[in-house]
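S.K.: Pasting in a structure now, in structure tokens, and then I'll have a few things to ask.
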Amino acid sequence: MEKCFNCGNPIGEDERTCRFCGANQRAYRMIMASSEKAYNDGLAKARDHDISGAIESLNRSVRFNKRNTKARDLLGLVYLRYGEPVLALREWVIAKNFDPDDELANRYLDSASSNPGAFEKIDTAAKKFNTAYKYARAKAFDLAALELKNVVRENPDMVKARQLLALIYMQEGEYSKAYSELKAAKEDDENNPLTVRYLKEVRSHLVSGKKKKKKKTDRRSTVSINDGHDVVMMPRQSFIEALDNSKSGLFNILIGIAIGILAFVFLVSPTMKQRENEETRKALITANSTTASSKSDAADLKKQITSLQNKLDKYEGKSDVKGSYENLIKAQQQATGDKADLDAARKTLKEANKKLLGTSGKDLYKSLTAQIDQQTLTTKYDEGKNAFRQRDYDKAIDALKTVVKIDDTYDNGEAVYELAQSYEYKGDTKNALKYYQKVAKDYAQFYRGRSSARKVQQLQQAQQNQQAQTNG
């Protein structure tokens, strides 16, 4: 027996209308079947790496049946793969509201809350993509390409980042690079209409480029001879053979050239040298007469040079525009690649004077600072946690202090909490209290905030007891 979707009373499986409320059961069954069909279609497309098609089918499924939680669960996963963590969380929250016992939705939401770093990484990539999009809209294509390369390196599956990077390459006429990005995007999202359209455009340019190159090669294989009235086109090889057949004429031409060179050496060249020597002699006389009058001004010039040098020394390093850009580029190189040195990149970036940079340079400076900070946060945080587990509290403090200095709210306050613990276990009560008090104040409604408040009371009580024993 089934239940009527409208009134909830039992009805037969073959009944077209509910005998209690008159609701059309046949239409309802068709809608439910359409939702299931769209879900199965989306599932098949997701397995075949057709992400765009899967999103379209699954959205159609939940439009037919908003309570289709398995379609929403899968749609959330597809959105996450597409680089849209907010949309993914939205689908899982809706699924959980419709069915509190939805095991998959609960598992995905628990994973998101227990591992915020993974979602934060995707969210950071989305923010970088938005920044790159703004650069591209402002026609700062070099900055946009730089930002998108970082996004693609950190999130290779982010199709829209590869599409925008390919579009920038197309704008710059680098169709081979655009083709590589689009091929990679097609592997992740097989039938994305934008990728397919861009690929068609790129292929047409690559084919036309090959044809132009072939025509240029054909033109080079011929020789044009213009006698003033007509232009004769003949193969290059035939032209060379014709020259070979007139060796005697060529020999006479060479003899004439040799006679001309000898005439220049023995007749023209001596006259030219004599004239140059005369001009040099006059210049020396003028220079000697000028030297005598210049000596009296030498002392004044020396004083002026010294004064200017002193002024230059005061501004050394502050007005070096070229040096600032060089440091900016050097910091970028140090922060990227397999052998990235974030500490060196941060130090080099500080040597670049931001005030001397242009608009694009300042944007790159800001973007690079954010990139270095984000990578430093991830690296130092992991380093600090591992050192804390191994009871190497000095190393943990050094790493976690760097994290807290950049972002004292990192990982929802977990970084500053572990820093306080490291100080406590090291025996540095003063600094432990400082950071425990911060956590207790900023996260009072959370468990770590309440735990920190208890720690503050315990440490302060221990200090009072120790002071009482000392006084007694």
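S.K.: Within segment 349-394, can you find the residues that are within 27 Å of TYR133 (Cα to Cα) and either of a type in the set (A, V, I, L, M, F, W, C) or outside the structural domain of VAL416 (by TED's automatic domain parsing) (or both)?
M.R.: LEU349, ALA352, LEU356, LEU357, LEU364, LEU368, ALA370, ILE372, LEU377
S.K.: Looking only at residues in segment 115-140 that are of a type in the set (A, V, I, L, M, F, W, C) and in a helix (DSSP H, G or I), which one is surrounded by the most Cβ atoms within 10 Å (Cβ to Cβ)? Write out each step before concluding.
M.R.: Initially, segment 115-140 is screened for residues of a type in the set (A, V, I, L, M, F, W, C), giving 118-119, 122, 125-126, 129, 132, 136, 138, 140.
Those still in the list that are in a helix (DSSP H, G or I) too: 118-119, 122, 125-126, 129, 132, 136.
Details: ALA118: 13, PHE119: 17, ILE122: 21, ALA125: 21, ALA126: 19, PHE129: 22, ALA132: 26, ALA136: 20.
Residue satisfying both the conditions and the ranking: ALA132.
S.K.: Quick one: would you say LEU89 is surrounded by fewer than 20 Cβ atoms within 10 Å (Cβ to Cβ), of a type outside the set (Asp, Glu) and on the phi < 0 side of the Ramachandran plot? Give the steps one after another, and end with the answer.
M.R.: Working: surrounded by fewer than 20 Cβ atoms within 10 Å (Cβ to Cβ): yes; of a type outside the set (Asp, Glu): yes; on the phi < 0 side of the Ramachandran plot: yes.
Yes.
S.K.: On the basis of being in contact with a Phe, Trp or Tyr (Cβ under 7 Å, 6 or more places away or on another chain), assigned to a helix (DSSP H, G or I) and of a type outside the set (Asp, Glu), does TYR425 make the cut?
M.R.: Working: in contact with a Phe, Trp or Tyr (Cβ under 7 Å, 6 or more places away or on another chain): yes; assigned to a helix (DSSP H, G or I): yes; of a type outside the set (Asp, Glu): yes.
Against the criterion (in contact with a Phe, Trp or Tyr (Cβ under 7 Å, 6 or more places away or on another chain), assigned to a helix (DSSP H, G or I) and of a type outside the set (Asp, Glu)), TYR425 qualifies.
S.K.: Within the group LEU349, LEU342, which residue is among the hydrophobic types (A, V, I, L, M, F, W, C), closer than 29 Å to LYS121 by Cβ, touching a Phe, Trp or Tyr at 6+ places or on another chain (Cβ under 8 Å) and at pLDDT 75 or above? I'd like the intermediate steps shown before the answer.
M.R.: Working: LEU342 fails: touching a Phe, Trp or Tyr at 6+ places or on another chain (Cβ under 8 Å).
Exactly one residue qualifies, and that residue is LEU349.
S.K.: Starting from residues that are assigned to a helix (DSSP H, G or I) and in contact with a Lys or Arg (Cβ under 8 Å, 6 or more places away or on another chain), keep the ones in segment 149-165 and report whichever is surrounded by the most Cβ atoms within 10 Å (Cβ to Cβ). Reasoning before the result, please.
M.R.: Pass one, segment 149-165, residues assigned to a helix (DSSP H, G or I): 149-154, 159-165.
Add one more test, that the residue is in contact with a Lys or Arg (Cβ under 8 Å, 6 or more places away or on another chain), and what stays is 150-152, 154, 165.
Values: ASN150: 22, VAL151: 24, VAL152: 20, GLU154: 17, LEU165: 27.
Going through the qualifying residues, I end up with LEU165.
The values are calculated or read from the model by the stated rules, or taken from the named source; none is laboratory data. No experiment lies behind these values; they were computed from the predicted model shown. FYI the Cβ positions are ideal-geometry reconstructions off the backbone, even for glycines, and counts take in every protein chain you see.
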